[in-house]
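The values are calculated or read from the model by the stated rules, or taken from the named source; none is laboratory data. In this text, all values refer to a predicted model and were calculated from it rather than measured experimentally. Here the Cβ positions follow ideal geometry from the backbone for every residue, glycine too, while neighbour counts run over all protein chains shown. Note: areas computed on protein heavy atoms with side chains; ligands, DNA, RNA excluded. Shrake-Rupley method; radii C 1.70, N 1.55, O 1.52, S 1.80 Å.
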Amino acid sequence: MLFWVLALLTLCGFLWNYKGQLKITDITDKYIFITGCDTGFGNLAARTFDKKGFRVIAACLTESGSTALKEETSERLHTVLLDVTDPESVKRTAQWVKNQAGKKGLWGLINNAGVLGVLAPTDWLTVEDYREPIEVNLFGLISVTLNMLPLVKKARGRVINVSSIGGRIAFSGGGYAPSKYAVEAFNDSLRRDMKAFDVHVACIEPGLFKTDLSDPVKTTERRLTIWKHLSPDIKQQYGEGYIEKSLDKLKGTTSFVNMDLSLVVECMDHALTSLFPKTHYAAGKDAKTFWIPLSHMPAVLQDFLLLKQKVELADPKAV
């Protein structure tokens, strides 16, 4: 009996793996639009999908990012300057993409643009500190999606939203995790609403990757700027050496940082080209072995493991 159970499980595993390897054909006539292509995941995705033969439209925030990308890609790839937080910029870009794609519509929309914002203890922050990541990561993503959605529906294509493990578990104070939690909710509702139109919606949840987004120097500078303007009471509670000690703690977690950005692009590729794309993709060893499993664990265990990485406050009862 055990033999037949193992044989059935092996067969199911083989069929599941085979199913995941089935790909679409004729990608050379398919348009895809990617946001946040100046650097990082978006830049690598634009170059990768251009080489594969897609008709890539890459949205960059800066002229320098656009110029550099065009120098590294074929004539098929087009760039466009886009600020996802500017409604008029989004509308103009959507009309331009419509003119480019024509009757074919848009096979793939990859919402990749994002910012980290300030990562700091919650009681250090103001509402304004939360605003930037929420404006870019959430409202920007929603704005682009709503404006591009008619083109995706026309092609019966794919929407791919780049979230984060920060959308599954909040590892720091600041607007980044709330924005990504909201992206997960938007992604889920959009996925269900689009099923009737044969539009597939996927969510990618990268772990910790070495990109400009996570530059430790910029993160530290922002935190120091906020520290300088804190009240004497809060400074006394945390202690003058708090930031330096927290940075020392972070140095011990560098082994968790993924260096290979292609792990995320491979998820994008599968979501774009598989006949049976997944609804969620975890990218990076840390996401698969630590963050995603941790997000399913009881809150008491989550708090215990995450608080172990926190620096002990100098005098939390100081008033």
Task: Filter pass, residue 98 being under 23 Å from the mean Cα position of the chain (by Cα), part of a helix (DSSP H, G or I) and of a type in the set (Lys, Arg) - done: no
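Does residue 288 satisfy the criteria of being in contact (Cβ under 8 Å) with a residue 60 or more places away in the chain, more than 23 Å from residue 35 (Cα to Cα) and within 23 Å of the chain's Cα centre (by Cα)? Even if it seems obvious, please write down each step before you answer.
On the way: in contact (Cβ under 8 Å) with a residue 60 or more places away in the chain: yes; more than 23 Å from residue 35 (Cα to Cα): yes; within 23 Å of the chain's Cα centre (by Cα): yes.
It is true that residue 288 is in contact (Cβ under 8 Å) with a residue 60 or more places away in the chain, more than 23 Å from residue 35 (Cα to Cα) and within 23 Å of the chain's Cα centre (by Cα).
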Open item on the list: Being assigned to a helix (DSSP H, G or I), under 19 Å from residue 35 (Cβ atoms), open to solvent by 70 Å² or more (accessible area, probe 1.4 Å) and hydrophobic (A, V, I, L, M, F, W, C) is true for just one of 138, 146. Which residue is that?
Closed with: 146
TODO: Quick one: which residue in 228, 235 is among the basic types (Lys, Arg), surrounded by fewer than 12 Cβ atoms within 10 Å (Cβ to Cβ), without any contact (Cβ under 8 Å) to a residue 24 or more places away in the chain and within 30 Å of residue 123 (Cβ to Cβ)?
DONE: 228
Task: Test: residue 201 is among the hydrophobic types (A, V, I, L, M, F, W, C), part of a helix (DSSP H, G or I), buried (at least 18 other Cβ atoms within 10 Å of the Cβ) and in contact (Cβ under 8 Å) with a residue 24 or more places away in the chain - done: no
TODO: Considering each of 260, 193 in turn, give the residue that is acidic (Asp, Glu) and either closer than 30 Å to residue 99 by Cβ or open to solvent by less than 30 Å² (accessible area, probe 1.4 Å) (or both).
DONE: 193
- [ ] Working only within the range 88-127, note down all residues that are over 19 Å from residue 77 (Cβ atoms), of a type outside the set (A, V, I, L, M, F, W, C) and surrounded by 23 or more Cβ atoms within 10 Å (Cβ to Cβ).
- [x] 114, 117
